[in-house]
Amino acid sequence: AEDEALDEKLAELRERFGRPPNLIHVMWDDTAFGDVGIPAIQKVRGFETPSLNQMAEEGMLFTRMYTEVGCTPSRAASATGRLAIRSGMYNIGMLLEQHGMSSEEVTLAEVLSEEGYATAFHGKWHLGDIEESYPHNQGFDEAFFTGYNQILSLNTAIAEGANASIGLLENMLPPDPYKLDDTFVTKGWVQVAEGTKGGETRQWGDNSHENYLKIDPEAQDRTLDFIERSVAAEQPFYVANWPNMTSFIPNPEKCSVARSILQDGLQCNIDPFMERLTTKLEELGVAENTLIVAMADNGPMSHNPPPGLGMAETIYRGGKGDFTAGGVRVPAIAYWPSVIEPGQLVGDIIHEVDLFTTFARLAGATSHIPTDRVIDGIDQT
């Protein structure tokens, strides 16, 4: 009966809008369950996210959304609907790893492209530094992405000067009489790149900390522009915006009461973007035909975090890298004004691989899901 009701609702929306629903996945880093969507906890933690909290009130707040234990495995799982062990993407990718997600993997972007969706990726990809792993070579029509993680902010001159990283930038250091060779990890890498499906990959900006701080604002602008273009073309769209959220170099201009890196990133980067995003969808008249899932990629970096990070166990024990609830149980919200009834607090067990199958079902694209491999995602519509 529930399936029939959903199918009727989807048919109604398709008749009204002339196309299947738009799908948006926003996924940021390292946030404990309870840190988003529960204002009382935020008061204790010293920050606020009014836009995300409103989405939770007007949509669905998950209490048992699970992920993989770290950035790279979590992103691989979300992209493929498969546990990271299956794709070989179970380690956290670092500079010049010369490894990445194989072209043999089938991503959600590829599945939805087959159904006629416009697809875009903007933000922290973190799924490898080999060409086949780049998002525009993994099904996305356009991509603006970082191949690595926020440690990029520590591979900069400002970080070297502050001893936040030591010995990585030769030109800033006196000669080292003990140096064995010229193999330095920071040589020949790219901070952020862009490309279109099947096209060349181009570096965007340089490897400075100043450029790093421009990545999320640029990614957010590109997401909104992509949405505008897709709506104008009357084409259903899927966009993944996975923010870097923060630099590991603390910003001297504090924003939250906690004045910490995580809290400032959530309050003054992620949350304002969610307000811009929902406002844009309303302005374009497609809010009721658009599902947004907003969530963290894993638990907090609570073990030996950088100074001033502000990440800590909030409700559950453990953090990033732990197979405990604190490491893999994250805040997550689903927001779809015409479909999801307001005020839902859900206790069902959901895993991020389920988004792959669920989004495909909503798009009418399940026939494009590969059958020659294990797909772990379950349809959670």
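Let me know the shape class of segment 263-315, please: from the alpha-carbon gyration tensor, a ≥ b ≥ c as square roots of the eigenvalues, rounded when a/c is under 1.5, otherwise prolate if a/b is greater than b/c, or oblate. The partial results should precede the final answer.
Working: a/c = 4.84, a/b = 2.47, b/c = 1.96.
Judged from the Cα gyration tensor, segment 263-315 comes out prolate (a/c at least 1.5, a/b above b/c).
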Of 43/254; 124/179; 187/254, those spanning more than 26 Å from alpha-carbon to alpha-carbon: 124/179; 187/254
Per residue accessible area in Å² of segment 128-268, where ligands, DNA and RNA are left out and the probe is 1.4 Å: 47
Tilt relative to the chain, helix 215-232 - C-alpha long axis, 0 to 90 degrees, to 10: 20
Proximal charge balance of residue 167 [Cβ under 12 Å; K/R count +1, D/E count -1]: -2
Virtual paramagnetic centre 7 Å along Cα→Cβ of residue 114, amide N under 14 Å, in segment 353-379: 357, 360-361, 363-375
Contact order normalised by residue count of segment 176-282, Cα under 8 Å, 6+ apart, percent: 16
Label point distance in nm, residue 208-residue 346, each placed 7 Å from Cα along Cα→Cβ: 4.5
Residue 380 versus residue 43: modelled label distance in nm, points set 7 Å from Cα along the beta carbon direction: 2.9
Under 10 Å, Cβ to Cβ, from residue 62 - net charge with Lys/Arg +1 and Asp/Glu -1: +1
Estimated 222 nm signal from helices in the chain, with DSSP H stretches of n ≥ 4 weighted -39500 (n - 2.57), rounded to 500: -8500 deg cm²/dmol
FRET efficiency for residue 130 and residue 228, using Cβ-Cβ distance with R0 set to 35 Å, rounded to 0.05: 0.60
Over the chain, relative contact order from alpha-carbon pairs under 8 Å, at least 6 apart, %: 32
Rounded to the nearest 20 debye, dipole of segment 68-224 from Cβ charges on Lys, Arg, Asp, Glu: 340
Karplus-derived HN-Hα couplings along segment 100-116 (A = 6.51, B = -1.76, C = 1.60, θ = phi - 60°), whole Hz, x at Gly and Pro: x, 5, 5, 5, 6, 5, 10, 8, 4, 4, 5, 4, 6, 4, 4, 9, x
Helix 2-17 vs. the chain, principal-axis angle (Cα, 0 to 90°, nearest 10): 80
Cα centroid separation - segment 156-176 against segment 49-93, whole Å: 34
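The values are calculated or read from the model by the stated rules, or taken from the named source; none is laboratory data. Keep in mind that what you see is a predicted model, and the values were worked out from it rather than measured. For neighbour counting, all protein chains shown are included, and Cβ atoms are generated from backbone atoms with ideal geometry for every residue, glycine included. For the accessible areas, the whole protein counts, side chains as well, though only heavy atoms, and no ligand, DNA or RNA atoms are used. Shrake-Rupley method; radii C 1.70, N 1.55, O 1.52, S 1.80 Å.
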